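Contents: one structure, followed by commentary.
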Amino acid sequence: MTEQRNFTADSFYKFVSEKKLMASRCKKCQAMFLPPHPICIKCFGIEMEWVELKGTGKLAAFSAISVGPTCTLAESHDRNNPYVVGIVKMDEGPKICGRIHGIDPKSPEKIKVGTHLKLEFPEQKAGGRAYLNFRVVG
Ligand SMILES: [Zn+2]
């Protein structure tokens, strides 16, 4: 049984730093939320529980980004070295945004919606929140 933590972004990222992908699930209607919500937006229930997801899913949508936020310059991303951000539909149902690796950001026309992905947990950066990284399976 998971220890009780508030259903907040802070709790979510704390779990990520512990290499766990955790969603909140409504005890009343079983709707699942990722990142977690403290209140069910389907039935307005307030009884939530934590559920650990396997970390596997499929690419639902994506964008290759050539001009990103300033922090991506430190990662050597620019118009000649784009990166891909995507929405991943987890096998358990909920969707979440993350970086997509193992595909060619310079050829976005070759990236396929439905590609199988697996979550990789990054090493925690000092002071920063770890973002979610997904890698193409196989
Ligand atoms: Zn509900």
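The values are calculated or read from the model by the stated rules, or taken from the named source; none is laboratory data. Note that the structure is predicted; figures quoted are calculated from it, not measured. Reconstructed Cβ throughout: ideal geometry from the backbone, glycine too, with neighbour counts over all protein chains shown. To get the accessible areas, we keep the full protein, side chains included, count just its heavy atoms, and leave off ligands, DNA and RNA. Shrake-Rupley method; radii C 1.70, N 1.55, O 1.52, S 1.80 Å.
Figure legend. Inter-residue proximity from region 37-55: first residues of a type outside the set (S, T, N, Q) and within 10 Å of the ligand (Cβ to nearest atom), second residues open to solvent by 30 Å² or more (accessible area, probe 1.4 Å) and not in a loop (DSSP other than H, G, I, E, B), beta-carbon distance below 7 Å, spacing 6+ or different chains. Indicated pairs: Met48/Arg25. Screening Ser24 on (1) in contact (Cβ under 8 Å) with a residue 24 or more places away in the chain; (2) of a type in the set (S, T, N, Q); (3) assigned to a loop (DSSP other than H, G, I, E, B) shows it passes everything except condition (3).
Among the residues making up region 16-36, those that are open to solvent by 70 Å² or more (accessible area, probe 1.4 Å) and within 9 Å of the ligand (Cβ to nearest atom) are Lys27, Lys28, Gln30.
Considering only region 80-101, I want to know if a residue exists there that is within 15 Å of the ligand (Cβ to nearest atom) and within 24 Å of Asp10 (Cα to Cα). Yes, there is a match, as at least one residue in region 80-101 is within 15 Å of the ligand (Cβ to nearest atom) and within 24 Å of Asp10 (Cα to Cα). Would you check if Ala130 is at pLDDT below 95 and either surrounded by 14 or more Cβ atoms within 10 Å (Cβ to Cβ) or aromatic (Phe, Trp, Tyr) (or both)? Considered against the rule, which asks whether it is at pLDDT below 95 and either surrounded by 14 or more Cβ atoms within 10 Å (Cβ to Cβ) or aromatic (Phe, Trp, Tyr) (or both), Ala130 comes out as yes.
Checked against the criterion of being open to solvent by less than 80 Å² (accessible area, probe 1.4 Å), hydroxyl-bearing (Ser, Thr, Tyr), within 20 Å of the chain's Cα centre (by Cα) and farther than 23 Å from Val136 by Cβ, region 59-75 contains not a single residue that satisfies it.
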